[in-house]
Each structure stands twice: as structure tokens, then as C-alpha cells.
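The values are calculated or read from the model by the stated rules, or taken from the named source; none is laboratory data. Small disclaimer: the values here were computed from a predicted structure and weren't measured. Ideal geometry is used to build each Cβ from the backbone, glycine not excepted, and the neighbour counts take in all protein chains shown.
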Amino acid sequence: MHAFLKGTSTSTKPQKDKATAGASGENKKQKPIPWVEKYRPKCVDEVAFQEEVVAVLKRSLEGADGITALVKVSDGDLRKAITYLQSAARLTGGKEINEQVITEIAGVVSNAMIDSLIQACYSSSFEKLEVVVSNMINEGFAATQIITQLHDTIIEKEDLNDKQKSAITEKLAEVDKCLMDGADEYLQMIGLCSVIMQQVTQN
């Protein structure tokens, strides 16, 4: 895996064939294909000189939820995905890499916890909301990560109209600014969730 990350693998660049030295002028005009384009593995088994990487990929491919979670948390960043995969392989010690492992390494809040927070807001119970927020903060999740995922969840909510979503996202921006200024995470999360609760009860 270290060789893969540092790019120290043996080059597979093809050597020039001396027999092609006397090729026709038509062939000489053809634009040469970069060697990186020629070496494009079509499956995991075709990855050369990276036995450890291939082994990790095969183990992770056994669990479809692990790959789905890896793609989601990396946001299309290949370097980030490789780092998560490397950390997951070390953490699991060769076992199957599932969604829970990926989310824990990435510091992402699980969908179940986000759903429980949304349900607490819909319950109109401030006591229940306090318990859920306290549990999330005590678990060590960053408030900035929580509000990022809350933003995506709120935007996709079909039972909220545009006016309600605007009020919630405005509060999200305000909380984000306060957190950047060093405000208390618990108080900011309570304030944000109170606004969400207020908006959803207007339905």
C-alpha cells in the first residue's frame, strides 16, 4: 500500500521497438499513445506489482456497503479514498471492510444517527432533542460535520416547503459561522435543532 501511495511501483512503460525505426511516414505522423493510457487495468487482478493493494481491494469488494460508503465519504477524491481504505485495512486486520468501519475512520456521522436527530426534531419534544444532541456530542462527532450532513438531509426533505428550508439553511449558515468563531458546539446544535423543530411543526 505504501508503494501505491508513494508511486514507487516498477514502471510498465513499454520499450521502443527498433523494428519500428524504419516505419513509414504515415505511421510517424500518428500521435503516440501515452504509456499510462496503455496500462489501464480493466479488473482488480490486472493491477501489476501491487499485491497488497489487490488483496485489500478484493476483501473490500466482498462487502458492497463498504465500497458504497467509501465512494460517498470520499466525495470523488481518489487520494482520500485510498487513505480511508489503507486505514480501514490496518484497523480490520485483513477482515471485511464494511460501512461502519469506513464511517468511523472518516469521522462521518452514520445515517442512523442523523435520522434519529431528525426524528427528535419532528417529535416536538425538547427533552428528547437534548438527549440526542448530547449523545452525538459525547460520541465525539464534530458539530461542523453534523451540520454538513444535516444540510444535505434537509434539502432532500420533500415534506418541507422552500420557505421552511430557507429558514433552516439560514440558521445552518449562522451556526457554521459561530462555530468558526469558537462558539460552544452543544449550544449551537440545540439552537439549530430548535429552529428545525419550529419549522417542521408549522406543517
remark   = Exception for D181 within (1) more than 23 Å from the chain's Cα centre (by Cα); (2) surrounded by 14 or more Cβ atoms within 10 Å (Cβ to Cβ) falls at (2)
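One line per residue, one yes/no per condition, for (1) under 24 Å from S74 (Cβ atoms); (2) surrounded by 16 or more Cβ atoms within 10 Å (Cβ to Cβ); (3) among the β-branched types (V, I, T):
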residue: Q119; (1), (2), (3): no, no, no
residue: L129; (1), (2), (3): no, yes, no
residue: V133; (1), (2), (3): no, yes, yes
residue: N138; (1), (2), (3): no, no, no
residue: D159; (1), (2), (3): no, no, no
residue: K177; (1), (2), (3): no, no, no
residue: E185; (1), (2), (3): no, yes, no
residue: L192; (1), (2), (3): no, yes, no
ask   = Applying the selection to the range 47-89, what residues are loosely packed, with under 14 Cβ neighbours inside 10 Å, at pLDDT below 65 and touching a helix residue (DSSP H, G or I) at 6+ places or on another chain (Cβ under 9 Å)?
value = F49, L61
key: Residue list for the range 133-145, filter: in a helix (DSSP H, G or I) and either of a type in the set (F, W, Y) or in contact (Cβ under 8 Å) with a residue 24 or more places away in the chain (or both)   = V133, S134, M136, I137, A143, T144, Q145
inquiry  = Can you tell me how many residues within the range 146-203 are without any contact (Cβ under 8 Å) to a residue 40 or more places away in the chain, assigned to a helix (DSSP H, G or I) and of a type in the set (S, T, N, Q)?
reply    = 7
